[in-house]
Each structure stands twice: as C-alpha cells, then as structure tokens.
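The values are calculated or read from the model by the stated rules, or taken from the named source; none is laboratory data. Keep in mind it's a predicted model, so treat the numbers as computed, not measured. No Cβ is skipped: glycine too gets one built from the backbone with ideal geometry, and neighbour counts run over all protein chains shown.
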Amino acid sequence: MELVKKENLEIVKKEDTSIKVADTITMVSFYIGDFLFGIPASQVMEINKEIDITPVPLSDEHILGIMNLRGQIVTVMDLAKKLKIDLKVTPKLNLIVKDEGESPISFVIEEIGEILEITPSKLEKVPDKLEGLSKEYIKNVYQLPDKLLLILDIEKIVKE
Amino acid sequence: MNFDEDILQDFLVEAKEGITKLEEGFIELEKDPKKIGVLKELFRTMHSLKGAAGFFGFKTLESIAHFSEDILSKLRDGLIEPEEDVVDILLKAVDYIKYIISYIEENKTEPVEDKILDFLVELSNFNEKLRKKVQEKPKERIGEEKLEEKLEEAEKKVEEKIEEKKEVKLVEEVKEEKEAPLSPHVELAETHIKVDVKLLDQLMNLAGELVLARNRVVQLSQKIMDEELTRSVQILSMITTEMQETIMKTRMQPIGSIFNKFPRIVRDLAKALGKKVNLHLEGTETELDRSIIEAIKDPLTHLIRNAIDHGIETPEERVMLGKPEEGNLILRAYQEGGQVVIEIDDDGRGIDIEKIKKKAVEKGFMSYEEVERASEKELLNLIFKPGFSTAETVTQLSGRGVGMDVVKANIEKLGGSIEINTIRGKGTNIKIKIPLTLAIIPALIVTSGDYRYAIPQVNLKELVNVDPDKDLLKVGNTEFYRLRGEIIPVLRLSEVLKVNGKSEEQRNLVILNTGERFIGLLVDRIFASEEIVVKPLGRWFKNIPIYSGATIMGDGKLALILDVVGLSQFVGISIEEIEKTYEGAGIKIKTSAQETIILLLFDVGEERFAIPIALISRLDKIKANEIKISGGKEIIIYRDEVVPVIRLENYLPLKEVPLQESYNVLFFTERGKTCGILCTNIVGTLETTPEIEEGIYTQPGILGHRIIDGKTTLFIDIYKIIEMYDPDWFIVKVEKEKVVKRILLAEDSPFFRGMIKNYLVGAGYEVETTENGKEALNRLFSGKFDLIITDLEMPEMDGFELIKEVRASPDYKNIPIIVVTSLAGEDVRRKVLDLGANAYEIKLNREKLLEEIERLLS
C-alpha cells in the first residue's frame, strides 16, 4: 500500500515541476508610468508598504537610500531613474528583490500589477522602436493581449 | 576501513592539538636543549599520535610518528644531542604529519604520494644512522634497550585497550599510567565542549538583534509609563545586556592562538636569512574577538618578517656593534581601555631616517624642503604610503608586493591604528591598537539635518562648543579651529554630505582622531553615546569613503556610521599650508601641542592673577581678625599650625588694596612648610594652555600675562614671591657644594620656563634656558653642563630628538637627562627612558624634580 502511494506522489511531483520549467514562468508585474515591467517571482522576496527610507548622501542619483527590513539593511533604488524614465515616482510600495551574496535591494514603485504566468518560448527580443527608457536593462519583452511586458534584467541592474 | 565518524573527528582534533604542541616544543628545545620536561612532553605527544594512527590504520602516519618517537626517545635519554640536523628532520616530520592530517580531514583516508614515502625512507635511514652512532658508545646501550622494552610494553597495552573499548581517548590514559604523576587535563576535557564557530556567529547576530528589539521596547515603555511594564522592561533590559556580554565572551579567544604560530615562522625565517633571533611572547592570554584574531594574523606576520629581515642584524654585525649575537624580538599584547595593544619590538638596527628622507625626495613623496621641515613622525608615516619601501634590495621575504600600506589598510579596516617608533641602532617598536570586538561598538550619535549619524568612539577625542563666526578661522576655503594652540581643520558635516535646506546653527565641534591627525567636525546636534551594532552597507556605497556601515537605532530607524579616515579626505588644504599662511601674517601658531594646565584664577584688589592649581595645597577663608602679628610678620593659626601669610601687594606694584573683613587664603606647602597668600576673591578654575605673553608686566614674581575672559591676568611665580618674602624659605640646610652645578633647560613655554628656572636657581643651581631642542643642542656644545632638563613637545626639535642627538654625541652620551612633562603617560615614559633619558617628571612637581636632580648629580 505504502509503496503505491509513494509512487503516485512522485509522479505528481514530476508533473508539477515539468510544467513550471517547461511551460510557464510566474512573473510579478508592476507599473512605472505607462510601462509595465516583469520580474520573475522567484527573485522577489516580498512586497510591503513600509516606506521609511534613510537617504545616503553622496550616493548615486538612482539610489534613494537604505531601509530597515526586520534588522537587515536594504538598499533602496529608484528604478525610474536607473532606467532613465523621465518621471517622478512617488514611492508607495517596496518590491524587495534578492541579490545573491549581498543584502537585498528594494525597488520603490507606485503600483503593482498582476501576477502573470508567461511561456518562455514566447519571449521576444527587445524591439528597436521601444523608446522613453534605457533599453540595456530590459532582457526580453513579452506580448500580453493588451500590453507589452518588459522583463527586467535584474542581475545587470543590481551589478552596475 | 570503517569507523565511526565521531571518533575520527576526535582523532583529528587531538592530532591538530598535538601538532601545535610539537611545533612549540621543538622550538623551545632548540633554545634550551637541556629541557628534559619538554622532551618528555614531545615524546608523549608523538607516542599518542602513533597509537591513534595505528588504531585507524593510517600506516604512513604511524610509521612517521614511530621513527620520530624513536629519535625523541634517544634525545630524552641523553643518548644523542638535539643538534640542528636532528631538530630539522623532526620538524620536517611534523610538517608531513600536518599534511597527512589535513589530507585525512578532507578525504577520510591517508594520502599515497611518493614524496611522503621518500621522506619516510629518509627518516628511517636517519634513525638508523643515529642508532649506529649510539651503539658506538657501549655504556649507554643498556638505557636504550630498556627503553625499547618499555616502549614495546606500552604499545602492547595501548593496542589491548583499543581493542577492548575502541576509544582513542584511552591512549592518553595508558600514557598517564606509565608516566606518573597524573596530569589533570583529562578531567578538564569534560567541562569543555566544541562548538561550531558559525553557530556562535549566528548567536552573536541574534544577540545584536535582541539588543535592538530591547531598545525599541524600552522606548515604548517610556511612552506608556506603566509601572509594572517599566519594571519588566528593566529586567528584560538587564538580562539582554548580560546575555550579549556573555555571548561576546564566547567569541573571545586568547591572542596566543596566533602568537603561538610565530615561533616556527621566526625560526624558519631567521635560519633562511642567516640570523639569530630570540622570540619572546608576552600577554598571550590577552583576549580578542575571534574575527579580529583572524584578521590581524597576516599583518602581524608581515611585520614580524620585516623586523627579522630589515631590523635585526646578522650575528657578525651584532657582535661588531657590541650587541648580543642573538637578536631579540618581542611580541607583546595587552589591554588598554577598550582596546588591545599589540607591540612588535626588536633590538635591531632601527629605521634609517636619512634613507627615508632620500627616498621620499627620489620618489617624489615630498620636496627637498618639505623633507627637511618634516618631523620624524611624518617621515616614518611615509612608510605606510603605497609604493614606499625602504629596503634597498627587495628581498624575497619582505618585499613581495604587499607593503606596509596594505598592513595599515588592514588594521584600519578593523578600526585600529598603527604607529612606529624607532631609535637608530637600538631597534624599532611598532604599536598596533585594535578594538576588542567588531560587531558591537560604542559610538557617538550626532545629527545633520533630519538624520542621525554614528561616530565610533575610538576616533573621538573631545567635544567642544564653539561659536562658528568667532572661533573658526578661514584659510582659502578651509576652516580651522585652534584647540590649545594646535590647528585643527574643520569640516561641516552638512557641507560634506551636501545636505540642502537650512540647518540649525552648528555650535558643536567634534574633534576626531584619524590616527594621523585631528580634524574637527561641526554637527547640528550631539546625542548620547550608544552601543551600536555595525551592519555592512551594500555594494552601491563601497566607493563612498565617508561611511563604514550602518546601524539600526532604538526606534528602528537607520543611522549611517561615519568613517573618520574617509572624512579627513574632505579637508581641503593641509595643516602645513595653513601654518605657512599664518607664519606669513606674523601670527605664531605653534606652542606646546596639547599641553594644558588647570589654573586657579583669583583677584587681589582689582588685579586678576593666575596660578597652576597643582601648586596649591588648600584653599580656605579666614576672618581679618584671625591674622596676628608675630615676630614682625603676619601669621594665622591654621589647624594648630602657625602659618605665615603673604600679601601680594607688598611685593608687587599693585594699586592699594583696601582692608577686608575676611580673606581667601591660598595655602602653599612644601617640605612640611606651609605659607598662605591672601586674596580678595577666588574667581574659579580654567583648563588652558600655558601660553603667556612676556614684556609689559614681567618682573620678579610675575612670569607674564594673558587676557582671559577680557581681563588682563597676571601669572604669578609663587616660588619667587615666597623667596622675596623670606629668602631662606627654600634653603635646606645642607653643606654648600663648592662647585655650582650647571643645568641646561629646554622648554618652549615661557611660563614653565620661567617657573622651572626660578625654582632651580632658588635651589642653588646655575640654569641656562633655551626654547627648543635645537637651541639646547647648540648651547650644550658650546658650554659645560652637568645635567639637561627638557620638555617633550617643542617646535624645531622636540625633546625626543634632543635626547637622541645628545645620546649620539660621544661627549655627552652619559650626561643625565630629565624629561619634564605636563602629560603623564606610561607609553611616553617608556619611550623616553628607552631613548636614554634618566628620569621622567611632572613639571609642576618641584619637590620631586629637585630630588631627582640631586640624585642624578650625586
């Protein structure tokens, strides 16, 4: 009896992973102005509303400062500035992203979008006509029925 | 082979301890071959290692240990001498054992390599050679045979026991049985357990978090003001602190754990360089945070290498110089305040300042003029600059790309500082100061605009309240402040941080010590000092030099931690430039740096006077009718003693002083004799520099004057006044010496100069005064003197250099030198005595100084 059960479980598990890996990726989406951005959910630590930023004078323009995330020091980045989007963002939410080997980083955003499941095979190259932001930090784009989802290259954003 | 993982772990731990013991033992042995105790210990350790290796079936290890043990037994029984080749091969054996152990640790099995087998053959042959050598001396053979028997017997026992219990530990017990008396450390083992360091680190972090959480709760409870809550919070607070301290203690390790690695390094290095070095370790029990211990190992190794390579001379050179053949290297650790001091002291050739000067010009670090003007300290600090090395030929050992600049950077990264002192021909002393722990540091909290910043307490010198408009002077774009005669460049925190918006009026000047110099930081507000937990900042801030991290405050908000060395980069122009500007303007800037005295200010009639409070034994008030006349002099009866009283107006040209109903009396006591000085009114005390102006008011009894709080204040020379009152007051009845002794006094402060001179003359000496070391030196060479008294901090040439120069001159190398100072400090004292001074006294202590002079001149 037990053996059978175990086997079943394994099959279920296998199916589960295969779906995720092969078919879709879960994306957290959010808006900056009219742009809709996506970050893989696996890289997002949490989203919260505790905006209490301590500025760090003399730091780069796109760094807003640091904040206290339950005892951890988190760097806060103004993503709009980093992506050179000409727009003043009023910080409302923290989107906290993991940074391997370093303390996490928070992108402050105004509005969170939906959680999306996307199919990797349908990812497209960044089109040349995309304007109004710095394209080097966009990895791919993904065509949604009504909008273009811009997939961020988190590693590049975090490392440069 | 299959054995329990735990037992193997036990074995590895024990083996490592054994290796350390062996290394230490061999070095000790080489120094003192007769130490039978050491030999026994070595033999015992090697024997346990052999037994355990055999148990696990590590054949090679067992064999190496076996042969080593064999050699050791011959040493122990005095059959052979611990000559160099013997010790060498034994050390080599330890190296192989070390290698095998680390291999086993990783791979759980012994390495099979040719080089190990080759060595085994070498070791075995060596052993055979020794055996033959021993056999040539028939008498001693019996001893050896006996030992062999004993050994075999012991081994048998070991094996039996192991088979019975399969417990490595027992090897030790067998050994103990054999080697009465029983050592107690077997029992000790039960009170200690081994804990993973990571676990302790985690515990430490959690404790840090707990402190923060506690701080928040404390703040909340202060808002709520509930009695019961407050009490509970107090208890929580207390326990938290205690727990934090205890956990910190778990991370503390004796510095000996790295010091003990140095005997081997020193030995190998000395041998490679053909030098003889005797290493002394002091204060090995001094405890430091584990992470710091790890971090100072490399800098220390580098400094020790330098000391042996550049400092200590070859045995031939030393003998020629009249030094013992063996150089001495002392590695000393001790606690001082919240810091640990590590000193590396050698008695080698010292650092050649002339060579540094030459190199500084050659490499473009300083101009020719700058070099000539620079103090010894400034020149020595060049050693820490990247690209500066004094070794003429870069040897393989010292100069391998990592220089003293890296050493300094590493120590500063730990929040520490490094300082070099050197005496040509006598040796070099390097002093490293590091904090006890890195994780939690005391810091001063200041504000700029709306935000708080933390300044590590170690960098803090003092806090001064200033009026920026009046007290700060400006040269070019740099502001500076004069703190007791020293020029300190001032930064405004809000300007450094480029914080816009209006700031409160900044009146708080924080004086910071960067290790090289002082800077002032003008901040909005100063809060209390707090214990903070240092947290690193992310990679985006690495290139901003003014922060060293961040911390979470009690209210959950963040504060950036300021890096003082980084801040100092924002100082626009150098102090030298400021000095130049002001010299040009005819303003004298330099006086005795940092020298301060506490003055007592008092009025007689309308005149204001000052006297160092240290000279006064007591202050009191008396009624006018208590003053009696006896023998034509005014006296009072004070505490059953007849005390003559002196009215200053009788000796100084003062305006008429009206009679008063009561007087304040300053009592002055020396050698059991007391007199009192009458004054109208005591104004108060003031800590200040001994700066005075001479001229207008100078006359016997007055050393000079100065404007204090807008009023001309006369500095009285109490010794002169008393002498005027009674010329015999200070004369002690001794037989007058036929020859009057001549004393040379070097002192830059006119105030001290005048006072010391007067009391020396009063004591019957002839005194010549000079204002700095250079002048003193010139005077010394052109006249005959019996003794030199010198201040330390002086312009042109300071006291340290004066002593060095005097001691270096053949005619005066034995003249007694007394250093007088207003700043007492053990390290300064040690330094001047090392330099060759005979005594070290406090300026204002006339009695002690005179005693010392008498002693040195007799």
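Among the residues of this structure, B:Glu316 counts as one that is surrounded by fewer than 15 Cβ atoms within 10 Å (Cβ to Cβ), assigned to a helix (DSSP H, G or I) and either out of contact with any strand residue (DSSP E or B) (no Cβ under 7 Å at 6 or more places or on another chain) or modelled with pLDDT under 85 (or both).
Which of the residues that make up the range B:610-632 are among the β-branched types (Val, Ile, Thr) and either touching a Phe, Trp or Tyr at 6+ places or on another chain (Cβ under 9 Å) or assigned to a strand (DSSP E or B) (or both)?
Looking only at the range B:610-632, we keep the residues that are among the β-branched types (Val, Ile, Thr), and these are B:611, B:613, B:616, B:622, B:627, B:629.
Correct list: B:Ile611, B:Ile616, B:Ile622, B:Ile627, B:Ile629.
The single condition from (1) crowded, with 20+ Cβ neighbours inside 10 Å; (2) in a loop (DSSP other than H, G, I, E, B); (3) more than 14 Å from chain A (Cβ to nearest Cβ) that B:Leu522 fails is (2). Of the strands (runs of 3 or more DSSP E) lying entirely inside the range B:379-459, those containing at least 2 residues that are modelled with pLDDT of 80 or more and of a type in the set (S, T, N, Q) span B:417-423, B:427-435, B:440-448. The lone criterion from (1) away from every other protein chain (no Cβ under 14 Å); (2) exposed (fewer than 15 other Cβ atoms within 10 Å of the Cβ); (3) in contact with a helix residue (DSSP H, G or I) (Cβ under 9 Å, 6 or more places away or on another chain) left unmet by A:Lys49 is number (3). Among the residues examined, B:Val571 qualifies as in contact with a Leu (Cβ under 7 Å, 6 or more places away or on another chain), modelled with pLDDT under 80 and away from chain A (no Cβ under 14 Å).
So that you can scan it fast, the table gives a plain yes or no per residue for (1) closer than 15 Å to A:Gly113 by Cβ; (2) more than 12 Å from chain B (Cβ to nearest Cβ); (3) assigned to a strand (DSSP E or B):
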residue	(1), (2), (3)
A:Ser29	yes, yes, yes
A:Pro57	no, no, no
A:Leu64	no, no, yes
A:Met67	no, no, yes
A:Lys81	no, yes, no
A:Lys84	no, yes, no
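Any idea which of B:Ser221, B:Ser257 is without any contact (Cβ under 8 Å) to a residue 60 or more places away in the chain, small (Gly, Ala, Ser), more than 14 Å from every other protein chain (Cβ to nearest Cβ) and farther than 30 Å from B:Asn278 by Cα? On inspection, the qualifying residue turns out to be B:Ser221.
Give the residues of the range B:703-736 that are charged (D, E, K, R) and modelled with pLDDT under 80, sorted by residue number. Let's see the steps before the verdict.
First, the residues of the range B:703-736 that are charged (D, E, K, R): B:706, B:709, B:711, B:717, B:720, B:723, B:726, B:728, B:733, B:735-736.
If the condition is that a residue be charged (D, E, K, R) and modelled with pLDDT under 80, then B:Asp709, B:Asp728, B:Lys733, B:Glu735, B:Lys736 are the ones that fit.
When residues in the range A:54-92 are screened for being of a type in the set (A, V, I, L, M, F, W, C), in contact (Cβ under 8 Å) with a residue 40 or more places away in the chain and out of contact with any Phe, Trp or Tyr (no Cβ under 8 Å at 6 or more places or on another chain), 4 of them pass. With the requirement that a residue be charged (D, E, K, R), more than 23 Å from B:Asn421 (Cα to Cα) and either out of contact with any helix residue (DSSP H, G or I) (no Cβ under 9 Å at 6 or more places or on another chain) or free of Cβ contacts under 8 Å to residues at least 12 places away in the same chain (or both), what does the range B:276-335 give you? Listed by number, the residues that qualify are B:Glu294, B:Glu316.
Summed over the range B:200-218, residues that are away from chain A (no Cβ under 14 Å) and within 24 Å of B:Ser529 (Cα to Cα) total 2.
Exactly one condition in (1) assigned to a helix (DSSP H, G or I); (2) more than 21 Å from B:Ile430 (Cβ to Cβ); (3) in the same structural domain as B:Ile418 (by TED's automatic domain parsing) is false for B:Asp309; which is it? Against the list (1) assigned to a helix (DSSP H, G or I); (2) more than 21 Å from B:Ile430 (Cβ to Cβ); (3) in the same structural domain as B:Ile418 (by TED's automatic domain parsing), B:Asp309 comes up short only on (2).
Given the criteria more than 10 Å from every other protein chain (Cβ to nearest Cβ) and either modelled with pLDDT of 85 or more or in contact with a His (Cβ under 7 Å, 6 or more places away or on another chain) (or both), does A:Glu131 qualify? In short, no.
Summed over the range A:86-118, residues that are part of a strand (DSSP E or B) and either of a type in the set (Ser, Thr, Tyr) or away from every other protein chain (no Cβ under 14 Å) (or both) total 14.
Restricting the first member to the range B:523-536 and to residues that are touching a residue at least 40 places away in the same chain (Cβ under 8 Å), and the second to residues that are assigned to a strand (DSSP E or B) and surrounded by fewer than 17 Cβ atoms within 10 Å (Cβ to Cβ), the beta-carbon pairs closer than 6 Å and six or more apart or on different chains are B:Ser529/B:Pro442; B:Glu531/B:Pro442.
Quickly run through the range B:503-516 and pick out the residues that are surrounded by fewer than 17 Cβ atoms within 10 Å (Cβ to Cβ) and either facing chain A (nearest Cβ under 7 Å) or not polar (S, T, N, Q) (or both). B:Glu504, B:Glu505, B:Arg507, B:Glu516, listed by residue number. Only one of the numbered conditions (1) in a strand (DSSP E or B); (2) within 14 Å of chain A (Cβ to nearest Cβ) is not met by B:Glu495, and that is (1). So in the range A:119-160, with the set limited to residues that are assigned to a loop (DSSP other than H, G, I, E, B) and touching a strand residue (DSSP E or B) at 6+ places or on another chain (Cβ under 6 Å), which one is nearest to A:Asp52 (Cα to Cα)? For the range A:119-160, the residue satisfying everything is A:Asp153. If you go through the range B:527-554 and keep only what is in a loop (DSSP other than H, G, I, E, B) and more than 10 Å from every other protein chain (Cβ to nearest Cβ), you end up with B:Val534, B:Lys542, B:Gly554. Of all residues being of a type outside the set (A, V, I, L, M, F, W, C) and crowded, with 18+ Cβ neighbours inside 10 Å in the range A:69-79, which is farthest from the other protein chains (Cβ to nearest Cβ)? Just the residue, please. Filtering first and then ranking leaves A:Asp78.
Does any residue of the range B:50-70 turn out to be within 28 Å of B:Asn328 (Cβ to Cβ) and assigned to a helix (DSSP H, G or I)?
Kept after step one, since they are within 28 Å of B:Asn328 (Cβ to Cβ), are these residues of the range B:50-70: none.
The answer is no; no qualifying residue exists.
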